[in-house]
Amino acid sequence: MLKGTLPPKNISYKRLFKNKTSLSILIFSLLFVMFSFYLITHNISYKNSIASNHGSDNTSIDENHVESKNGLEKDPSNIEQNTIQNERSFNNSNLITDNRGVPVLYYHSVREPAENDVTITPENLRIQLEYIKNQGYTTLTLDELKNYLLNNSPIPEKSIVITFDDGYMDNYYNAFPILKNLNMVATIFCITSDLDGSYYLSKEAIKEMSDYGIDIESHTVNHPKLNQLPYDKQLSELKESKETLESITGKKVEAVAYPFGDFNDDSVIVAKNSGYTLAFTTKRGLSDRDDNILKLDRIYISSKYDMNTFKEVLAQTKK
């Protein structure tokens, strides 16, 4: 049919309308199938991202787990533009300088639903952190921990460090508001190759949390098993991630968490030569002066812990 001409008289308009309607339904159906396929593959990729990052972290991943995006949706009422008090004073606390050590807890993703061992729900995190606060604990920055370990600087008798590995965007949406409400500080160890990617922290979120008082530290560039890399590759992983984060926050990055807790003698040398003053493993225990400052112990908090188990874990950390 030429443009601008009428259809032949023997073709009814009713039939033409019917054909166009059928074509519209077909196109809509194809678009729906394509959109559904995108959602399925996108969610599976996030599951694989978390699972691959922690395959040998001594954690169990549910192989049937498929993440939804519920935990990543921003609640504007939870994100406020305020900052924590920069000058922290321990004058009202019972201070200690002895070598009893400090528990350094580590989490990963904070979202609904918690369908694997490395994902805790926002509600359970809130309950745990409220318990810590009600028990009289003071959360330390890594600089305060370093000064205690290296310089015998006094810290509150009940001190604790809260850390999150990998740098998921849900740390900003779900953990950050809880920390602010409880006036707590924490540390996030970021994989810099994932920044601004799906489900990972944006540079803007990192800057905002850093300005508030959250420590932003390194978890390498690509989250490799460092003990399987030659010296020069390890050096690249630690130096480049450090430089990237410093360019975002405008602050010195002085701590690294070894991915999977895997490292070797080269890793310790590389960390020191790259300008790190603290490095954390996944070995269970308190961070104290008996540790090498570049092989500090931490305590993993599983999403499978109920409150009784969580209380027992905290109680066991005391010397």
Quiz item: Given H placed on each backbone N at 1.01 Å, which residues far from residue 117 in sequence or on other chains put an amide H within less than 5 Å of it?
Solution: 60, 62
Quiz prompt | Cut-off 20 Å (backbone N to label point 7 Å along Cα→Cβ of residue 153), residues of the stretch 106-140 | solution = 137-140
Quiz item: If you take every DSSP beta bridge whose two residues both sit in the stretch 84-316, what share of them, in percent to the nearest 5, is antiparallel?
Solution: 15
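Going down the list 239/311; 203/272; 225/251; 203/311; 146/242, which pairs span over 29 Å between their C-alpha atoms?
Those over the limit are 239/311; 203/311.
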Exercise. Decide, for the stretch 132-270, between rounded, prolate and oblate: order the square roots of the alpha carbon gyration tensor eigenvalues as a ≥ b ≥ c, take rounded if a/c falls under 1.5, and otherwise choose prolate if a/b is larger than b/c, else oblate.
Key: oblate
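Give the relative contact order (percent, whole number) for the stretch 96-213; include only Cα pairs under 8 Å separated by 6+ residues.
Numbers: 164 pairs, mean separation 33.3, N = 118.
Result for the stretch 96-213 is 28 percent.
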Practice problem: On a C-alpha basis, how far is the centre of the stretch 294-314 from the centre of the stretch 85-156 in Å? Whole number, if you could? | Solution: 12
Exercise. Kindly work out what percent of the DSSP beta bridges joining two residues of the stretch 97-215 are antiparallel, to the nearest 5.
Key: 5
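Here, each number is a calculation from the coordinates, and none is a lab measurement. This one's a predicted model, so the numbers in the text were calculated from it and none came from an experiment. A quick note on method: Cβ atoms are made from the backbone with ideal geometry, for glycine too, and the neighbour counts reach across all protein chains shown.
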